Every structure is written in C-alpha cells, then in structure tokens.
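Here the structure comes first, spelled out in structure tokens, and everything after it is commentary.
The values are calculated or read from the model by the stated rules, or taken from the named source; none is laboratory data. Note that the structure is predicted; figures quoted are calculated from it, not measured. Cβ: placed from backbone, ideal geometry, glycine included. Neighbour counts: every protein chain shown. Surface areas here come from the heavy atoms of the whole protein model, side chains and all, with no ligands, DNA or RNA. Shrake-Rupley method; radii C 1.70, N 1.55, O 1.52, S 1.80 Å.
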Amino acid sequence: MKKQAGEPKTNDKAQTNGQRRSPKKQAQITEQPAPSGSPRAPKKKKTASDEAAVSRTRSVTEKLAGILPGERKKSKKKSEYDRAVDEMKPKLKIIPLGGLNEIGKNMTVLEYGDDIMLIDAGIAFPDDEMLGIDLVIPDFSYLTKNASKFRGVVLTHGHEDHIGALPYLLRQFKVPVYGTRLTLGLVRYRLEEHRILNSCKLNTVVPGQKVKLGCFEVEFIRSNHSIPDAVMLAIRTPVGNIIHTGDFKIDTTPISGEMVDLARLGDYAREGVLALMADSTNADRPGMSMSERKVGEAFDALFKKSDSRIIIATFSSNVHRIQQILDAAERYGRKVAISGRSMENTFKVATELGVVKAKDGLVVSLDAIKNLPKDKIVVITTGSQGEPMSALYRMAFSDHRKVEIMPGDMVILSATPIPGNEKLVSRVVNELIKLKAEVVYKSLAGVHVSGHACQEEQKLMLALIKPKFFIPVHGEYRHLRAHADLAESVGMESKNILIPDIGRVIELTENSARFNGTVPSGRVLIDGLGVGDVGNIVLRDRKHLAQDGLIVVVATIDSMGNLAAGPDIVSRGFVYVRESEKLMDEIQHVAEQSLQRCRENHITEWGTLKTNLRDDLADYLFNKTRRQPMILPVIMEV
C-alpha cells in the first residue's frame, strides 16, 4: 500500500511483531511517554470483556482465600484479601506442655509445617494431694500423635525440672538430644538408671554452636544460672527469630566460666527478634539477684567462727555451691564427706567432667569422719527442702545410719524452700534445734542466692532484645502476670504480650501472634514403675482411705439367698477395734439386717446386694460417728 505524503513512516514488521507481544508488555509500551514534541498516544479503553476477565480472576483468588462475595472493602489498612492470604500461610506454633502455672515440669513444643522440636523435658514433684506419687511428668500425647514430625530435643541446663522426664520421653521417641557437657552428663546418669542409655542419641554442644532440626536452626548462647553449662536458645524459624532464655540470671562474677553472652543477644536484637520467651520465676522480686560469690563470702565467715562440725544442705544439682563449700573447707583445713544418693551421683558426674575440682584427700567417706576431730569435718547433704526420705531429714529425726546430730553442730540450709515445702522445712529446723544444733538458714544469713533473674535483670533483657512479641514462661500465674506487667513498664504494648497456659496453642506469623485452640496436655503421675496408671479416681480413693479409713464386710450366702456365714467386719484406719467392740457389733447387726431385707425382697443380684449393704452401713456410720469410711462389701456364695 502506497503511503500518502505527510503521513508518519511506520515499520510494518515492527507493527506485526507488536501485535504478537503479551498484553503485559503491550501495556508497558502503551504507557511509555511520547517523545518531546510528539502528540501523546491515547490510552486504550478497557472493554467489557477486559473488565469481566479481571472480575473473574479476582473472584477465583478470593474464593481460594475464603472471602465471601461482598466482603471486600476499600481501605488504607490491610485488606480482607491480604489478611486471608496471610491466614493461608503456614504458622509457627508454640505449645507449652508444662512449666506454666506451676513450678517444674518444663517442656515446650515448637512446630512449623512438618517439623517439631522440643525445648526441655522436666519433672515436677508431687503435692500433698498426690498420695503415694513419686514424680509428675508432662503429657506426651501431642508428640505421640505427631511422632513423624518430631526432629529432636534441645536442653537449656541440667536441673531435674528440665531434664527429669527424658528417660520416659526417650523410651517412646528415638530422637536426638542436644545439650552442653554437664547437662548431658547428668542425663546419661538418668538414662543408665532406666537402662536405655545405649539406645539414645546424645549430642554434646558448646555455646556458639548451631544445630539444624528440620526447618529450625538453634544456636546455644552462654548463660548464667545456679548450675554450670546453662544456655539460652536463639531459634531461627521461617517466620522469624525466637529467643528462649531458659532459667537465667545476669551474674557479673560467676563462679566458673563467663557471664551471660549479652553481646550475642544484642546481635540478634539488631537482626530482629519476633518473640522472646523469658524466665518469670523471680518476676515479683525487685532489684537484681545477688552473685553466687556472695554465698562463698557467707560460708567463709561461718567457717572462720565455727569450731564444731558443719553440715550443709543444698540442692544436689547446685554444682557452684558444692564447689564453694569445697573451697572453704580446704581453706580452713576441713575434710568433706558427701551424704545423699543424688548428691553423691551429681558430685561423681561433675568431678569426672572437671566441672567440680577437689584436691586429692579433701573428700572422704562418711565412715572416715568418725575418726576426725569435729572442727575438721564438713558434711554436704541433701534435704534442703525437708523431703521425708532425704539425708538431712533422717539426721534430724535420728534415723541416719552414719551421721548423728550432736549438740553444737552447725547446720546450714543453703536453699530457699520451694513453694509448698515451707512446712516440711520448718519441721526439720525445729527437730534440729531440739537436738541443740545451731541452725543457719536464709532469713538469718546470706547462705543462699537465687539462680533466677529479678525484675531489673528481666527489664534489661527486654530492653536489650526488643522483641516484637513477649511470652513470659516458667512460674506460677502470679509470676507470669508480674513479668507481663514489667514488659509493659518498659514500653511493650499489652496487645503484643501473651500470657500462655499449658496446652494452649500460640500461633505466630511475621506480623501477628494469637492464641488458637488447645492440644491434649496435663500431668502424668509416676508411682513406682507405673507410668500414668494412677489417675484422679485412684488419687481420690487414696485420699478417702487416708482421711476416713476402710471398713470391709465379708458375708457368705447360699443359693436361696440365706445368710450362711458372717457378716464379718474388718476395720483399717477407721477405729481401733479393741477399744470399739460395741461399735463393731452394731455394724455387724446393721449388715445382717440389710442382707435380711434383700432376701425378703427377693434381691439376689450381687451388684444390688453390695450397693444396698454399702448404703445402709454408710448411713448408719455417718449418723453414729459423722465419718464416711470407704466401705468394701465382699459376698461369697456356697
């Protein structure tokens, strides 16, 4: 086709190629500004078919995101569409299975997609209501349900409330365990006791080392606590960094090693921390926690003035305290003996690993102290919590085979009673004073300092790390609430603070944190070799027996329902039979009348017979004695 004069020249080939370009590229070319002095090309108007295509695309996207028609609104804030897309993304789940609204039993699950890692696995000790129970461990049901996702366990330190449940956990899950040298040394001993050490995968780490557990990368950061080799955890996750402090304090003059690595925590703070999970145990105590070295100074003063035998009770896992006792004994020319199985085991592990250092000949057996002058003896013992089977308890009640408390002995309780143990400790102190021992405890001298951060240290941690979200952990509710209040006092918004609960799921994204549902959780009771076979019903029966005793009624009936023998009455824990023969005769008479009425009413079904007999006796005994013993009918047929 011939061009008319004055028409702009065009490149036919370029025009043809332009027709084959994608709509996106065509739009980019159309929107380019025209050269200077040239007329601007008119914008292409959207046709009805274009509008329909855009509408169909948005409709499909919204349907996938779960937005109903008409829900979309124009707003400067995040749109419903964007929020729905965020909702569809995988989330990091933090699921505490223990350690909240209680002291001990610390265990926390982190889950993202198909990966689960576990922080600590501790025990708690039974309270007064748990008659006959030895230990309490967390419920592993959620881990059992998601066993294929379980990648491993990381440990913060070697206290029983953080490692004690591992033998029960590793019997069920063959996953790797990561911890520092002393922590795993104490774990090995526990696993040997349960005869499962050879089947477990224990991996020793050092501060600064990183390990990979599925999508999680965990860095171990040096910390301070009342036991050496404690660490904090920096966990890189797909949604952001999580800092878990474990149990900690900021001790600028620690007994061994270095102080907590605040510089490394600062590195993570500059990078950005999504959530901080911090120890709340001392959140209601103002100020700073004292350095462990202060206890050494108190020991020095007490050793210097004493010319009698010294007996010191402390936690068996408080290795720093044991070291300071050894140092003081060496300075003042005393020999040291160890009493209590857990103390002996911890001392053995710590000395083998070189964490505790004692000169040759400083530590002697309990038998050897009989031949030493009293001013040359120190005994380190368990029982600082007044436990009924502990070595100090047996000494106080003159039941220890090798150590007898003598007038003038100095007994030092280098520990603070755990909440709930105050009465037990007071009882032991009273018995020791009756034996004319000089008893020294925290209220009288600085012989104990806490291994947990107080308020000013907790504020410092919050100010240093500057987390987007804060989750207080470890402690009773009052501790968690106090820690949340501290976080608000340093500038955190209350909406960014989540006070967790056992089994309650916390979901985190890069920009949000919320509670969403629960998982199976609770406590599993250990009684002897039985794990979980004692529940609330058994505990209720034990409590009933302990409070009101037991009445057993034994009767024999023939095939016609006539009473052939008995009923015989057996009492345990109800009354002293020899002094209550009249009452026992009356109980027997009531039982006979009850069985007679059943025969007259043609009641022969054993279950109904027992129920009637139990009800009649319960009514009589309550009216007569205002007691409600457990009644156990035993009926035999001949």
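Points to keep in mind about this one:
- Checking each residue in the stretch 208-238 for being buried (at least 21 other Cβ atoms within 10 Å of the Cβ) and in a loop (DSSP other than H, G, I, E, B) picks out Ser223, His225, Ser226, Ile227, Pro228, Asp229, Ala230.
- Of the set (1) out of contact with any Ser or Thr (no Cβ under 9 Å at 6 or more places or on another chain); (2) more than 27 Å from Ile322 (Cα to Cα); (3) free of Cβ contacts under 8 Å to residues at least 12 places away in the same chain; (4) of a type outside the set (A, V, I, L, M, F, W, C), all apply to Glu422 but (2).
The rows are residues; the columns are (1) under 25 Å from Arg540 (Cα atoms); (2) not hydrophobic (A, V, I, L, M, F, W, C).
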site: Arg578; (1), (2): no, yes
site: Asp585; (1), (2): no, yes
site: Ser594; (1), (2): no, yes
site: Gly607; (1), (2): yes, yes
site: Asp619; (1), (2): yes, yes
site: Thr625; (1), (2): yes, yes
site: Leu632; (1), (2): yes, no
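- Every residue from the stretch 613-638 that is out of contact with any strand residue (DSSP E or B) (no Cβ under 9 Å at 6 or more places or on another chain), open to solvent by 90 Å² or more (accessible area, probe 1.4 Å) and either without any contact (Cβ under 8 Å) to a residue 40 or more places away in the chain or of a type in the set (Asp, Glu) (or both): Asp619, Asn623, Arg626
- Residue count, the stretch 288-320 (criterion: farther than 12 Å from Val449 by Cβ and either charged (D, E, K, R) or part of a loop (DSSP other than H, G, I, E, B) (or both)): 10
- When Thr351 is tested against (1) part of a helix (DSSP H, G or I); (2) open to solvent by less than 10 Å² (accessible area, probe 1.4 Å), just one condition goes unmet, and that condition is (2).
- Residue list for the stretch 556-571, restricted to those being farther than 25 Å from Gln628 by Cα, touching a helix residue (DSSP H, G or I) at 6+ places or on another chain (Cβ under 8 Å) and part of a strand (DSSP E or B): Ile557, Leu563
- Matching option when the condition is closer than 22 Å to Lys249 by Cβ, among the β-branched types (Val, Ile, Thr) and either assigned to a helix (DSSP H, G or I) or modelled with pLDDT of 95 or more (or both), among Thr183, Thr144: Thr183
- Output for the stretch 383-405, where each listed residue is open to solvent by 50 Å² or more (accessible area, probe 1.4 Å) and under 25 Å from Lys304 (Cα atoms): Glu404
- Against the conditions (1) on the phi < 0 side of the Ramachandran plot; (2) surrounded by 15 or more Cβ atoms within 10 Å (Cβ to Cβ); (3) within 16 Å of the chain's Cα centre (by Cα), Met492 satisfies every one except (3).
- Verdict on Val205 being touching a residue at least 12 places away in the same chain (Cβ under 8 Å), open to solvent by less than 10 Å² (accessible area, probe 1.4 Å) and β-branched (Val, Ile, Thr): yes
- Count of residues meeting criterion [among the hydrophobic types (A, V, I, L, M, F, W, C) and closer than 16 Å to Gln593 by Cβ] in the stretch 552-568: 4
- Matching entry among Asp558, Asp501 (being touching a residue at least 60 places away in the same chain (Cβ under 8 Å), open to solvent by 50 Å² or more (accessible area, probe 1.4 Å) and of a type in the set (Asp, Glu)): Asp501
- Extreme residue, least open to solvent (accessible area, probe 1.4 Å), among residues of the stretch 504-534 that are free of Cβ contacts under 8 Å to residues at least 40 places away in the same chain, more than 20 Å from Asn101 (Cβ to Cβ) and among the small types (Gly, Ala, Ser): Gly530
- Residue within the stretch 464-483 that is surrounded by fewer than 21 Cβ atoms within 10 Å (Cβ to Cβ), of a type in the set (Ser, Thr, Tyr) and within 18 Å of Ile250 (Cβ to Cβ) present: no
- Test: residue in the stretch 478-487 that is of a type outside the set (Val, Ile, Thr), in contact (Cβ under 8 Å) with a residue 40 or more places away in the chain and touching a Leu at 6+ places or on another chain (Cβ under 8 Å): yes
- Pair list, Cβ under 7 Å, 6 or more apart: the stretch 583-612 residue more than 19 Å from Ile631 (Cα to Cα), other residue of a type in the set (Gly, Ala, Ser) and open to solvent by less than 60 Å² (accessible area, probe 1.4 Å): Arg599/Gly561; Thr604/Gly561
- Criterion: buried (at least 23 other Cβ atoms within 10 Å of the Cβ) and over 26 Å from Gly185 (Cα atoms) - qualifying residue of Ile380, Ile325, Ile369, Ile311: Ile311
- Complete set of residues in the stretch 309-350 that are closer than 26 Å to Glu192 by Cα and charged (D, E, K, R): Arg321, Arg341, Glu344, Lys348
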